[in-house]
């Protein structure tokens, strides 16, 4: 089994993702987007970075590259797909998940550690947690404010598709704990199937013990499910 | 075929927060200008050859639908003129 970490021009978290996955004994390799998905792909990670310089909108160009048609097809076949940061923006721009990630309310790049409340522990990405658990992970983005129509937001809630929300250390959903002004403090959501997830925080930067929090490791182990 | 210029204007839907416009407004306030609100928009000018203006408009609308705008947060409008009339 191999998790394909897709490298677009301007991706910059691809090596971190491979290293974090390998640390968890999950086989992973970087795949240049023009080369297409390897035949033995058993999981797909869309890594963070600034694909195509964030031109037009973050993730807009990568979302329309040919490999994303293969990713959507694989996702339809049940292959787990995880989009992180720029990968989350690519995921939402490509229609894998609902809504949009756009300019932070502060209009600034936010680079800090945040707390996340697990909203649905019945998914491959959160099976190590209980619903309501508070975990810690870093964010680093300028366009992470989750925007969605009221109607679609209600659908996400009704279908338990909200995976993580920004919260304080005690798990309270406050405006102060919301780093980018996201609707409903949403930090990560599921696609139509819970094998597809996108989130703005970086689990691969919270996996190796040397770099601080290791809560992200339990998100990445979703690729083993 | 006639040469046209299609102008695609993409703006945030009413009610969607525009932090860049808000920051720009604050800068204008600091410069002493009096204004009550400011909105920003992106404008794309597309030169293309088409049978007629309707075809040029249809194609520019497709471009907006598929790439230039994100329907979750954006509205867009398209206007078409013959290229000689542009400028």
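Things to note:
- Residue count for segment B:1-19 under the criterion of being in contact (Cβ under 8 Å) with a residue 12 or more places away in the chain, outside any loop (DSSP other than H, G, I, E, B) and within 14 Å of chain A (Cβ to nearest Cβ): the result is 4.
- Residue match in segment A:119-139 (condition: in contact with a strand residue (DSSP E or B) (Cβ under 7 Å, 6 or more places away or on another chain), within 25 Å of residue B:13 (Cα to Cα) and buried (at least 20 other Cβ atoms within 10 Å of the Cβ)): no
- Residue A:210 vs. criteria farther than 14 Å from residue A:17 by Cα and without any contact (Cβ under 8 Å) to a residue 24 or more places away in the chain: yes
- Residues being within 15 Å of residue A:84 (Cα to Cα) and touching a strand residue (DSSP E or B) at 6+ places or on another chain (Cβ under 8 Å) - total across segment A:1-29: 15
- Counted residues, segment B:23-66 - those being assigned to a helix (DSSP H, G or I), in contact (Cβ under 8 Å) with a residue 12 or more places away in the chain and either under 17 Å from the mean Cα position of the chain (by Cα) or surrounded by 17 or more Cβ atoms within 10 Å (Cβ to Cβ) (or both): 8
- Flag if residue A:190 is surrounded by fewer than 16 Cβ atoms within 10 Å (Cβ to Cβ) and in contact with a strand residue (DSSP E or B) (Cβ under 7 Å, 6 or more places away or on another chain): no
- For segment A:101-109, the count of residues that are under 23 Å from residue A:71 (Cβ atoms) and either in contact with a helix residue (DSSP H, G or I) (Cβ under 8 Å, 6 or more places away or on another chain) or not in a loop (DSSP other than H, G, I, E, B) (or both) is nonzero.
- Of all residues in segment A:1-35, those satisfying the criterion of being surrounded by 14 or more Cβ atoms within 10 Å (Cβ to Cβ) and assigned to a loop (DSSP other than H, G, I, E, B) are A:8, A:9, A:10, A:12, A:13, A:24, A:26, A:27.
Residues checked against (1) in contact (Cβ under 8 Å) with a residue 40 or more places away in the chain; (2) within 16 Å of the chain's Cα centre (by Cα); (3) crowded, with 16+ Cβ neighbours inside 10 Å:
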| position | (1), (2), (3) |
| --- | --- |
| A:38 | no, no, no |
| A:41 | no, no, yes |
| A:57 | yes, no, yes |
| A:60 | no, yes, yes |
| A:63 | no, yes, yes |
| A:68 | no, yes, yes |
| A:71 | yes, yes, yes |
| A:79 | yes, yes, yes |
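- Taken as a whole, segment A:56-66 holds no residue that is out of contact with any helix residue (DSSP H, G or I) (no Cβ under 9 Å at 6 or more places or on another chain), closer than 25 Å to residue B:21 by Cβ and within 13 Å of chain B (Cβ to nearest Cβ).
- The single condition among (1) more than 14 Å from chain A (Cβ to nearest Cβ); (2) farther than 21 Å from residue A:60 by Cα that residue B:22 does not satisfy is (1).
- The set of residues in segment A:92-109 that are under 29 Å from residue A:31 (Cβ atoms) and within 13 Å of another protein chain (Cβ to nearest Cβ) comprises A:92, A:93, A:94, A:95, A:97, A:98, A:99, A:100, A:101, A:102, A:109.
- Criterion (at negative phi and in a helix (DSSP H, G or I)) met by exactly one of A:62, A:98: A:62
FYI, it's all coordinate maths here, none of it is from the lab. Not measured: the values here are computed from a predicted model. Here Cβ is always computed from backbone atoms with ideal geometry, including for glycine, and neighbour counts include all displayed protein chains.
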